[in-house]
C-alpha cells in the first residue's frame, strides 16, 4: 500500500508522458498493462469457473484510458520497487564486505599469534640445551645451593 501511494505522483507523470509520446506508450506503458489485464482476467475466469467457457476467447480489451492508467501505475510501482531493491542489495553487499573484512582481521590475528608461538617454540628449543649444559656444569662443579639461616 505504501508503494502504491508513494508511486502515484510518478504514475501521473508517466501517464502524461505516455499521452505525449506514442512510442513510450506503445513500448513502455502499454505492455505491462495488457499483460497484467490478460492474466488477471484469466485467473478471475478460472476462479469463477468461467474459464472453460471463455478459454477460446481473449479477455475483454481495456480502453485506451484504462491502459494508460493501469500501465502508468504498474511502471511507477516497478520503478519504486526496483530502486528500493537496488538500495537493499547495495546494503547487503556492504554488509558482506564488512563481514569479510572482520573475518580477514580475525584470520590475520590468529596467523600473527601462531607465528609468535612458533618463534617462542624455536627460541625454547635453542635455550633448553643451553640450560641443560649450565645444569651439568653446576652439578659437575658441586656447587651447593645457598641455604638460608634463620
Tell me, what is the FRET efficiency for residue 48 and residue 78 to the nearest 0.05, using R0 = 35 angstrom and their Cβ-Cβ distance as r? 0.80
For helix 8-20, what angle does its Cα long axis make with the longest principal axis of the chain, in degrees from 0 to 90 and rounded to 10? 50
Determine the relative contact order of the chain: mean sequence separation of Cα pairs under 8 Å and six or more apart, normalised by residue count, in whole percent. 29
As I understand it, the value is the acute angle between the Cα axis of helix 30-47 and the longest principal axis of the Cα atoms of the chain; what does it come to in degrees, rounded to 10? 80
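Let me know the whole percent of all Cα-Cα pairs from the chain that are separated by more than 24 Å. Intermediate results must be reported in sequence, preceding the final value.
Details: 7578 of 11175 pairs.
Within the chain, distances greater than 24 Å cover 68 percent of Cα pairs.
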Can you tell me which of 31-37, 85-91, 2-8 comes out highest on packing, and rank the rest after it, using the mean Cβ neighbours within 10 Å? 31-37, 2-8, 85-91
Angle between the chain longest axis and helix 64-140 axis [Cα atoms, degrees, rounded to 10]: 10
If the elastic network links every pair of Cα atoms under 10 Å, which of 132, 46, 104 fluctuates the most in the Gaussian network model of the chain? 132
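Just so you know, all these numbers are worked out from the coordinates, no wet-lab data involved. Bear in mind that the values here come from a model prediction, so they are computed numbers and not experimental data. Every residue, glycine among them, receives a Cβ derived from its backbone with ideal geometry; neighbour counts consider all protein chains shown.
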